[in-house]
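The values are calculated or read from the model by the stated rules, or taken from the named source; none is laboratory data. These numbers come from a predicted model, not from an experiment. Glycine gets a Cβ as well: all are built from the backbone with ideal geometry, and neighbour counts include every protein chain shown.
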Protein chains: 4
Amino acid sequence: MFELDVRSRKPIYEQLMDKIKEMIMYGILKPEEQLPSVRSLSTQLTVNPNTIQKAYRELEREGYIYSQPGKGSFVSPEQQQPTQAQQVDMRERLLKLFAEAIYLGFTKEDLQKLYEQAIQEQERGHHHD
Amino acid sequence: MFELDVRSRKPIYEQLMDKIKEMIMYGILKPEEQLPSVRSLSTQLTVNPNTIQKAYRELEREGYIYSQPGKGSFVSPEQQQPTQAQQVDMRERLLKLFAEAIYLGFTKEDLQKLYEQAIQEQERGHHHD
Amino acid sequence: MFELDVRSRKPIYEQLMDKIKEMIMYGILKPEEQLPSVRSLSTQLTVNPNTIQKAYRELEREGYIYSQPGKGSFVSPEQQQPTQAQQVDMRERLLKLFAEAIYLGFTKEDLQKLYEQAIQEQERGHHHD
Amino acid sequence: MFELDVRSRKPIYEQLMDKIKEMIMYGILKPEEQLPSVRSLSTQLTVNPNTIQKAYRELEREGYIYSQPGKGSFVSPEQQQPTQAQQVDMRERLLKLFAEAIYLGFTKEDLQKLYEQAIQEQERGHHHD
DNA sequence: GTGGTCTAGACCACG
DNA sequence: GTGGTCTAGACCACA
């Protein structure tokens, strides 16, 4: 299911967050779907429960999932309207990455191809039911 | 010259690296141009000299600048051909960011506009002499 | 009748307690009025019967309702004189909340308006028969 | 400095958050002032460092403080404009508490007195330098 | 069973 | 020295 790099500079709980976000964005995890429990993921990934917990908590804070004590953790119902802060942040990240890509010699066509690819992967995920 | 955000979670030395990389990519810092000395930057930004040195060391390791002991630090001569590893890495970063942007509701047109903006900022930097 | 927020961090039994307390305070539930049975509420709200029972048990412990085994649960007869402990507790909660509201920029007028609103809602409830 | 109730139902880290928020709102902790380090508070309160850490992290998330790895934790520069969400939330909390207070027999005058008291305590804190 | 809190103690990167 | 991450393992409240 997941592959985590314990030697990476990026904290494990952040790697986990990224993976789960990805699966939600690609539609592999559907709205209201139940996530694996903290304990099961913990044993499955041989990672401490606290670390999983931390990832889940942060994902809840960011609105991707919600947790019900005693029941489990679930994917949030829908993509809520993105905050203005989120949009501004994304613009900045895109601008920075574009600048870096241009510097590395990426052309407009390269970027368009990558965009198409991203779109296709997202659609593939959604038709995956 | 620089503005560092002490409140950011990002380490100061990384912020410094990003700023300098940006200035190189935008052509504000020209190839072979001399960078400010560790001492002067340290007092100017009221940042620990060790922190400046770490940023310079890392930038040298990544090939953006080179240091001549006793003379100073300089911007690397020319944009060397990007490594294949660099290109593969950039493709992945672009794909991930595109996916996230799409999830946040960014359209193809939004991305194109941002790309044009990035191009313009880069050109503006180069004409800045 | 009720709407429970499964996404809230607040335990369901507490949400239930709050709703019932509110209805008593607003006079929507009259003294001596019979509450719905545990079973019916359970099916109506699709909530575990144990959870309903816990809410009722706690409400009885706090004096808002009383239960007659075999007959059902009823709203307590009259607003008994509030304990001194209850009053002291309420003063503290008000002081803290006022401090926070002031910090958030709420003015005396804002608070007065909200007070009037609370009064009106309470009167509306009582005239609701 | 602090007094924590380990037997309380409210988690220790939340109690800590409330205390620190209070001290910031009352001006006892000034903007940009350094907070005690995680470790020092930990030994001082005989509470595990992780618990202090959690409180600090949440406070940072809510904008009350900010932390610089390697330097320390500091009170945020100023009261930033409250979010609309914060204001809506506060209105609801005030309405609910007013309803409860009215139910307990608190009069308009009682509430006004408590408001004046809250104002005074806040001013006292700010003149405390 | 679930998520949530907490302790004890270790290690790391940063300044 | 600082904050941040992580493990090992315990206990609690909730459904």
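Can you run down the residue pairs with Cβ atoms below 9 Å, 6 or more apart or on separate chains, where the first is in the range D:74-100 and under 30 Å from D:P36 (Cα atoms) and more than 8 Å from chain C (Cβ to nearest Cβ) and the partner is assigned to a strand (DSSP E or B) and of a type in the set (S, T, Y)?
Short answer, once both residue conditions are applied: D:F74/D:Y66; D:F74/D:S67; D:V75/D:Y66; D:S76/D:Y66; D:P77/D:Y66.
Could you check, for the range C:4-22, whether at least one of its residues is more than 14 Å from every other protein chain (Cβ to nearest Cβ), in contact (Cβ under 8 Å) with a residue 24 or more places away in the chain and either within 30 Å of D:A118 (Cβ to Cβ) or more than 11 Å from DNA strand F (Cβ to nearest atom) (or both)?
No, because not a single residue in the range C:4-22 is more than 14 Å from every other protein chain (Cβ to nearest Cβ), in contact (Cβ under 8 Å) with a residue 24 or more places away in the chain and either within 30 Å of D:A118 (Cβ to Cβ) or more than 11 Å from DNA strand F (Cβ to nearest atom) (or both).
Go through the residues of the range C:26-33 one by one and say whether even a single one is touching a Ser or Thr at 6+ places or on another chain (Cβ under 7 Å), in contact (Cβ under 8 Å) with a residue 40 or more places away in the chain and not assigned by TED's automatic domain parsing to the domain that holds C:I119.
Within the range C:26-33 (the criterion being touching a Ser or Thr at 6+ places or on another chain (Cβ under 7 Å), in contact (Cβ under 8 Å) with a residue 40 or more places away in the chain and not assigned by TED's automatic domain parsing to the domain that holds C:I119), the answer is yes, since at least one residue qualifies.
For the range C:100-120, name all the residues that are assigned to a helix (DSSP H, G or I) and more than 14 Å from D:L111 (Cβ to Cβ).
Passing the criteria: C:E100, C:Y103, C:Q120.
Quick check: anything in the range D:55-68 at pLDDT below 95, within 10 Å of DNA strand E (Cβ to nearest atom) and surrounded by fewer than 18 Cβ atoms within 10 Å (Cβ to Cβ)?
Checked against the condition, which is being at pLDDT below 95, within 10 Å of DNA strand E (Cβ to nearest atom) and surrounded by fewer than 18 Cβ atoms within 10 Å (Cβ to Cβ), the range D:55-68 yields at least one hit.
Select from the range A:55-69 the residues that are assigned to a helix (DSSP H, G or I) and within 11 Å of DNA strand F (Cβ to nearest atom) and list them in ascending order.
A:A55, A:E58
Hey, any hits in the range D:82-95 for a residue that's in contact with a Leu (Cβ under 8 Å, 6 or more places away or on another chain) and farther than 30 Å from A:Q84 by Cβ?
no
Counting only residues that are under 30 Å from A:E32 (Cα atoms) and among the small types (G, A, S), which one in the range A:101-129 is farthest from the other protein chains (Cβ to nearest Cβ)?
A:G125
Mind checking which residues of the range A:40-54 are exposed (fewer than 15 other Cβ atoms within 10 Å of the Cβ) and more than 9 Å from DNA strand F (Cβ to nearest atom)?
Scanning the range A:40-54 gives A:S40, A:T43, A:Q44.
Looking at the range C:43-51, can you tell me whether even one residue there is within 16 Å of DNA strand E (Cβ to nearest atom), polar (S, T, N, Q) and touching a residue at least 12 places away in the same chain (Cβ under 8 Å)?
yes
Which of the following residues is buried (at least 17 other Cβ atoms within 10 Å of the Cβ), in the same structural domain as B:A118 (by TED's automatic domain parsing) and not in a loop (DSSP other than H, G, I, E, B): B:M17, B:M90, B:M23?
B:M90
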